[in-house]
Each structure stands twice: as C-alpha cells, then as structure tokens.
Amino acid sequence: MQTIFVMVKCELGRAYEVADEAVDIEQVSEVHSISGQYDLMLKCYLEDGTDIGQFVVDTAQKLPGVKDTFTLIAYKAFA
C-alpha cells in the first residue's frame, strides 16, 4: 500500500464543494481543511503498483473546483 498526501488549491469559495466530492473517492481516507498556500489536504492510500501521477491527474485534479495540486509521497509511518 502506498500513502500519498495531495494538497489541493481550490477556486475561490469552492473548498467545501471540493472536499465533499473528495471524501467520496475510494482511495481518499481523510480530507482536511488546511491553512497556507493550499486549501485542502487529501490523505490517500493507493494499491502497490498504482501510478501515482495518473491517479492525481485523473482523479484529484479533475474534481470540479480544483485549481492546483501538490503531491507528497510518504515512505514510512511512525507510531
């Protein structure tokens, strides 16, 4: 299983709409409203071998109201 975090910049006034759509994506486990350059952070779990770039382009970036994304790949979770 691969863990990625996708920061999402939304069109003005659309962050809650984007969040509502993002929580319905199977691979998205959490959606957080965040401060700073981006409006939302999506925590996603992808099956091993999944093309991360293709997932981001075809899924996260195509949500209505998404203006920009920034993706982080997690290597190890510490308990």
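What follows is calculated from the coordinates using simple rules that are stated; it is not laboratory data. What you are looking at is a predicted structure, and each value in this text was computed from that prediction instead of being measured. Don't worry about glycine lacking a Cβ; one is built from the backbone with ideal geometry, like all the others, and counts go over all protein chains shown.
Structure summary
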read-out	value
Selected residue (only one of G49, G36, G65, G13 is in contact with a helix residue (DSSP H, G or I) (Cβ under 7 Å, 6 or more places away or on another chain) and of a type in the set (G, A, S))	G65
Residues of segment 5-34 that turn out to be in contact (Cβ under 8 Å) with a residue 24 or more places away in the chain and not in a loop (DSSP other than H, G, I, E, B), as a count	11
Members of segment 35-79 found to be under 12 Å from the mean Cα position of the chain (by Cα) and in a loop (DSSP other than H, G, I, E, B), listed by number	Y38, D39, Q61, K62, L63
Long-range neighbours under 9 Å by Cβ, at least six apart or interchain, first residue free of Cβ contacts under 8 Å to residues at least 12 places away in the same chain within segment 43-64, second surrounded by 15 or more Cβ atoms within 10 Å (Cβ to Cβ) and of a type outside the set (V, I, T)	G49/Q2
Of residues in segment 17-38 being out of contact with any Lys or Arg (no Cβ under 6 Å at 6 or more places or on another chain) and of a type in the set (G, A, S), the one surrounded by the fewest Cβ atoms within 10 Å (Cβ to Cβ)	S35
